[in-house]
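Structure, as structure tokens:
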Amino acid sequence: MKFIALLIAVLFGSAPPAPAQTRDIQMLLQTHADAIVASSRRTIGPAIDALAASGLASAREVLNRWQDRELWVREADSLFVYVREEETGLVMLDIVSGVEIATVGRRDLRQLKPNGGIRALIGAALVQFQLSDPDIKVRRAGLRAIERRPEESHLAALRNSLEGETDPDLGIRKRRLERLLTISYGSSAERIAAIHSFDGALSVDVRAALNPILATRTVFGPPPEGANVARRLEPGSGDLGTADAHALMVAADVAAPIPGPEARKQALIDNIVDGAVAGVPVARLDTDAARDAAYLQLAASGVVPTYDPERSMADVVADEMFFAVYIEPDPAVTDAAQSTLKSIETGVKLNRTFDLALDGLSLASIYFLAAIGLAITFGVMGVINMAHGEFIMMGAYTGYLVQQVVPDYTLSLLIALPLAFAVAAAAGVAMERLVIRHLYHRPLETLLATFGISIALQQLAKTIFGTQARPLTSPGWLDGAWVLNDIVSISHIRIAIFAIALMFLAVFLFIMKRTRLGLEVRAVTQNPKMAASMGIDPDRINMLTFGLGSGIAGIAGVAIGLYAKVTSEMGADYIVQSFMTVVVGGVGNIWGTLIGATGIGFLQKGIEFLNPSNTLAAQTYMIVFIIVFIQFRPRGIIALRGRAAGD
């Protein structure tokens with residue numbers, strides 16, 4: 001009768017005649033009025049599905065208003081309306097046209113207040129409208145909503161929206177998500193095809209979709225007929241513990257529970273009668289054998305659970321059968337998932353290897369930048385410069401000071417690189433003129449002198465800048481990382497450092513091969529006395545070489561400071577690696593330094609990969625390896641002829 005009264009009110013009431021859309025949506029709502037008004041999550045599903053599948057233009061607005069608690073129903077005839085509050089009462093509005101129907105009191109209407117569960121169902125139904133919305137932003141939002149909380153109802157909505165999608169990128173995302181949902185909710189043939197379409201894929205969401213297919217449950221005894229058996233399990237193995245196997249047997253009433261020591265002790269205590277247990281005085285229960293005997297007497301009388309001390313839990317389960325059975329009943333689906341996951345695992349291993357190689361290459365470029373200046377001074381001059389790390393520190397602090405004056409990080413970086421070279425080179429020349437030139441051919445004294453200078457420079461930096469780390473901020477275009485897939489990525493800063501290392505390799509080769517300075521440096525390196533007889537001033541070359549090596553260390557400090565902390569001790573973090581790089585590669589040889597940096601970088605990353613929980617151990621193993629290496633090749637990979645080689 002309410003339904004007939006509603007039609008009469010809508011068709012012949014005081015308001016203007018209702019359009020067809022209003023009649024259709026009202027009839028649809030009336031069909032499910034009881035479930036809508038009751039607002040029970042268990043029964044509301046058909047009403048929401050009917051609205052979503054109706055094809056009515058007003059259905060989306062009704063669902064939105066319902067979700068936002070803006071849908072009302074008139075108690076007298078279950079007419080669904082929107083409401084505008086006014087001083088005279090509540091103005092009922094048509095749910096399609098918005099035309100005023102009547103003004104009533106609050107008691108005449110009931111506001112629909114769906115709970116969180118119903119609102120989630122409505123949200124899922126609204127997704128299909130979002131996926132086909134003319135606004136691409138709305139479509140993207142709908143797709144993100146499905147990606148966050150996929151449901152079976154989304155699959156049909158996704159498929160329906162594919163044909164009309166005009167944006168290529170969004171279309172690719174939709175098709176990929178459709179295949180992911182098909183894995184869980186499609187037919188058997190569709191699922192298998194979707195699973196194989198992801199062969200070799202590396203994304204985490206693909207593995208997250210496939211792994212549940214291979215989920216298993218453990219069954220005791222022969223598996224049920226038609227079960228999709230994964231494998232037989234051995235009790236006590238990694239797949240099935242002895243206690244878990246025994247619990248399955250107990251649940252199947254095939255074995256009795258075995259009381260543990262505490263349970264048996266408590267059973268004896270609970271059954272003490274007149275100072276005795278099963279007729280045995282408590283004073284005589286002072287051994288395990290006596291307590292077991294008393295417990296067995298209680299068990300024989302049915303007071304406590306049975307217990308056989310001669311038969312352990314492992315003995316009980318030893319000869320029984322246990323199987324892992326897939327929860328997924330279709331063997332073809334599980335076979336496809338296994339095959340695809342194997343291909344994915346192969347791809348993961350290859351990409352992890354590639355990612356490890358990138359990390360090793362990145363670390364090698366850092367070591368090369370830090371060591372190239374040392375290779376020059378050590379190779380040409382034979383000076384063991386323990387203050388080389390402090391020139392790296394000078395470059396980093398120079399970059400920090402430039403950023404305090406020039407707030408534009410890109411411009412400040414372009415200024416800091418040459419300025420750091422100039423500052424470190426000037427410091428290097430000053431140290432060579434004041435100290436080093438008086439100690440040539442006395443390597444032990446140069447080591448001690450430069451070590452003292454290193455400590456003095458660190459203390460000077462602490463006095464000027466303090467002990468706190470100072471920020472050296474990279475430009476915005478160096479933020480983030482270059483991501484190839486879910487496994488392989490490398491930060492833009494590391495790429496920039498690699499590019500700087502290649503640039504300086506090219507600059508150094510140009511200087512050494514194409515300039516007069518390079519010719520004179522090579523001559524002094526190979527035979528200083530012969531070079532002097534040819535008009536070359538070895539003293540001047542030593543000064544310029546030391547300045548060049550120190551300046552390159554300053555530039556390395558700017559590059560390293562972009563991702564590492566800038567402190568007075570930062571140079572000490574790289575001095576050991578720099579010396580190892582030079583010694584392993586070959587003293588004074590740029591190609592040897594490059595090979596040494598690459599080898600040490602890859603070796604350290606490889607050791608860290610094998611022992612990720614202890615990076616200090618990686619450093620230790622690497623030093624041990626290098627000590628062993630130089631026992632067999634003391635002059636390094638590429639031995640240098642000349643003064644550095646002792647000729």
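The values are calculated or read from the model by the stated rules, or taken from the named source; none is laboratory data. As the structure is a prediction and not an experimental result, all values here were calculated from the model. Quick reminder, even Gly has a Cβ in these numbers, built from the backbone with ideal geometry, and neighbours come from all protein chains shown. All accessible areas refer to the heavy atoms of the entire protein, side chains included, with ligands and DNA or RNA removed. Shrake-Rupley method; radii C 1.70, N 1.55, O 1.52, S 1.80 Å.
Data overview
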quantity: Label point distance in nm, L484-A430, each placed 7 Å from Cα along Cα→Cβ; calculated: 4.6
quantity: Surface accessible to a 1.4 Å probe, K113 within the full protein complex, Å²; calculated: 130
quantity: Packing-based order for 533-542, 205-214, using average beta carbon neighbours within 10 Å, highest first; calculated: 205-214, 533-542
quantity: Tensor-based shape of region 426-574 (alpha-carbon gyration tensor, a/c under 1.5 rounded, otherwise prolate or oblate); calculated: oblate
quantity: Relative contact order %, region 362-511, counting alpha carbon pairs below 8 Å whose residues are six or more apart; calculated: 31
quantity: Within the chain: Cβ-based charge dipole about Cα centre, in debye rounded to nearest 20 (Lys, Arg +1; Asp, Glu -1); calculated: 2820
quantity: Length-normalised contact order for region 231-290 - Cα pairs under 8 Å, 6+ apart - percent; calculated: 12
quantity: Length released on extending from A243 to A76, taking residue separation times 0.36 nm less the Cα-Cα span; calculated: 53.7 nm
quantity: Backbone N under 15 Å from the M321 label point (7 Å along Cα→Cβ), restricted to region 224-254; calculated: 224-235
quantity: Cross-link reach list, lysines versus K565, counting only Cα pairs under 21 Å and skipping chain neighbours closer than eight places; calculated: K462, K605
quantity: Candidate residues S237, S578: accessible-area rank, largest first, probe 1.4 Å; calculated: S237, S578
quantity: Modelled label reach - S301, point 7 Å along Cα→Cβ, region 270-289 residues with backbone N closer than 20 Å; calculated: 270-287, 289
quantity: Cβ-based charge dipole, the chain, positive-most Cα from L603, P134, I415; calculated: I415
quantity: Zone residues, region 73-112, relative to R119, backbone N less than 16 Å from point 7 Å out along Cα-to-Cβ; calculated: 111-112
quantity: Distance from region 147-217 to region 436-454 (C-alpha centre basis), Å; calculated: 68
quantity: Tensor-based shape of region 462-518 (alpha-carbon gyration tensor, a/c under 1.5 rounded, otherwise prolate or oblate); calculated: oblate
quantity: Three-way shape label, the chain, alpha-carbon gyration tensor, a/c 1.5; calculated: oblate
quantity: Among F80, I272, A532 the positive-end extreme of the charge dipole of the chain (Cβ point charges); calculated: A532
quantity: Folded to 0 to 90 degrees: helix 388-405 orientation relative to the chain principal axis, Cα; calculated: 60
quantity: Extension reserve of the S343-V280 stretch, reckoned as 0.36 nm per residue once the Cα distance is removed; calculated: 16.0 nm
quantity: Additional length obtainable on full extension of the chain from T88 to A251, 0.36 nm per residue less Cα span; calculated: 51.8 nm
quantity: Spatial separation of Cα centroids for region 365-417 and region 455-473, in angstrom; calculated: 15
quantity: Mean Cβ count within 10 Å, highest first, over the residues of peptides 256-265, 71-80, 390-399; calculated: 390-399, 71-80, 256-265
quantity: Dipole-positive endmost among Y185, A245, G117 within region 114-245 (Cβ charges, Cα centre); calculated: G117
quantity: Region 58-191 - accessible surface per residue (Å², probe 1.4 Å); calculated: 51
quantity: For the chain, calculated [θ]222 nm from helices alone, where every DSSP H run of n ≥ 4 adds -39500 (n - 2.57); calculated: -20000 deg cm²/dmol
quantity: Peptide ranges 175-187, 295-307 listed from the most packed, as the mean C-beta count within 10 angstrom indicates; calculated: 175-187, 295-307
quantity: Part-to-part distance (alpha-carbon centres) for region 272-312 and region 548-566, which is given in Å; calculated: 78
quantity: Pairwise label distance in nanometres, V405 with R633, each label 7 Å out on the Cα-Cβ vector; calculated: 4.5
quantity: Summed residue charge, Cβ within 12 Å of V507's Cβ, Lys/Arg positive, Asp/Glu negative; calculated: +2
quantity: Relative contact order %, the chain, counting alpha carbon pairs below 8 Å whose residues are six or more apart; calculated: 13
quantity: T287/R231 FRET efficiency (R0 45 Å; Cβ-Cβ; nearest 0.05); calculated: 0.50
quantity: Test item: Cα-centred dipole of region 448-570, Lys/Arg +1 and Asp/Glu -1 on Cβ, debye; calculated: 260
